[in-house]
Amino acid sequence: MQSKFIKMKLLKILEFPDPRLRTKAKPVEKVTDVHKELIDDMIHTMYESKGIGLAATQVDFHERILVIDISEERDDPQVFINPEVEILNKDEKSGYEEGCLSLPGHFAEIERPATCHLDYVDYNGKKKAFKAEGLLATCIQHEVDHLNGVLFIDYLSKLKKDMIIKNVCVQRNIFL
Ligand code: NI
C-alpha cells in the first residue's frame, strides 16, 4: 500500500518582503479534496522546514487555513480552517521568542494575550471550538495574523523592525 506521505509536495514558502504575505485570506467556503491535498502538503512542508506552524498565506494560497504542531515528538499536527480567535483577557499577556518561516533566522520576543478561545472548522469540515493557552495560544495568534497579512515584526518598535528589515535586505541582497 502506498503511503499518503509519498505523494506530499514540499511547498515554496514566501519570504519577507514578498508583498503576497500582506494578502488578507478569504474564508474557506467548503472543505474540498483540493483543500485536503493542500493541508497535507502544508503539514509536510512545516515538518521539513522545522516550523511549528504554517499559514496558507505563506504558501501563496489565500484562504483561511493553518497547520500547527507544537509537540516535542512532531507527531501531532493540528489543522484549523476559518479560525476565529477571541481574546478572553487582554491584560493577561505572555512573551515568547518568536520566529517565522517567512523570516528565516530572525527572532524577537513578542507579547501576546496568554489565552484565547478558538472557533474553527477541522480537516473533515466539522465545526469545533476550544480554549488555548501557553505556546499554542501564541502560535495560533501568530498564524491567524498571517491570514490577515500581519507579520510578527509589525509588533516591534520602528527601530527593531527596521533593524530586522535591514538585515533581511543585506542577507538576501535586495534593496527596498
Ligand atoms: Ni510566521
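The values are calculated or read from the model by the stated rules, or taken from the named source; none is laboratory data. All values reported here derive from a predicted model rather than from experimental measurement. Here Cβ is always computed from backbone atoms with ideal geometry, including for glycine, and neighbour counts include all displayed protein chains.
Before moving on, here are some points about what is shown:
- Any hit, the range 152-161, residues being closer than 20 Å to Q58 by Cα, within 16 Å of the ligand (Cβ to nearest atom), under 19 Å from the mean Cα position of the chain (by Cα) and surrounded by 19 or more Cβ atoms within 10 Å (Cβ to Cβ): yes
- Set side by side, the residues V79, V144 differ, and just one is of a type in the set (A, V, I, L, M), closer than 21 Å to T45 by Cβ and out of contact with any helix residue (DSSP H, G or I) (no Cβ under 9 Å at 6 or more places or on another chain), which is V144.
- Listing of strands (runs of 3 or more DSSP E) fully contained in the range 20-123 that carry 3 or more residues being farther than 14 Å from C139 by Cβ and touching a residue at least 24 places away in the same chain (Cβ under 8 Å): 78-87, 115-121
- Residue check for L10: closer than 25 Å to D154 by Cα and part of a loop (DSSP other than H, G, I, E, B): no
- Filtered by the rule that a residue be within 14 Å of the ligand (Cβ to nearest atom) and out of contact with any strand residue (DSSP E or B) (no Cβ under 6 Å at 6 or more places or on another chain), the range 70-107 gives I70, Y96, G99, C100, L101, S102, L103, P104, G105, H106.
- The range 121-140 - residue that is surrounded by 19 or more Cβ atoms within 10 Å (Cβ to Cβ) and within 19 Å of E63 (Cβ to Cβ) and, of those, farthest from the ligand (Cβ to nearest atom): V121
- Any chance V144 is surrounded by 13 or more Cβ atoms within 10 Å (Cβ to Cβ), within 16 Å of the ligand (Cβ to nearest atom) and assigned to a strand (DSSP E or B): no
Conditions tested, residue by residue: (1) over 26 Å from I174 (Cα atoms); (2) at pLDDT below 95; (3) surrounded by fewer than 18 Cβ atoms within 10 Å (Cβ to Cβ); (4) out of contact with any Leu (no Cβ under 8 Å at 6 or more places or on another chain).
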| site | (1), (2), (3), (4) |
| --- | --- |
| K7 | yes, yes, yes, yes |
| I13 | no, no, no, no |
| L21 | no, no, no, no |
| E29 | yes, no, yes, yes |
| T57 | no, no, no, no |
| D69 | yes, no, no, yes |
| L88 | yes, yes, yes, yes |
| H117 | yes, no, yes, no |
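- Condition met for I52 (under 30 Å from K166 (Cβ atoms), within 16 Å of the ligand (Cβ to nearest atom) and of a type in the set (V, I, T)): yes
- Scanning the range 124-134 for residues that are of a type outside the set (D, E, K, R) and part of a strand (DSSP E or B) yields A129, F130, A132.
- Filtered residue count, the range 147-160, keeping only those that are closer than 27 Å to M42 by Cβ and not β-branched (V, I, T): 8
- Of the criteria (1) modelled with pLDDT of 95 or more; (2) within 18 Å of the chain's Cα centre (by Cα), which one P17 fails: (1)
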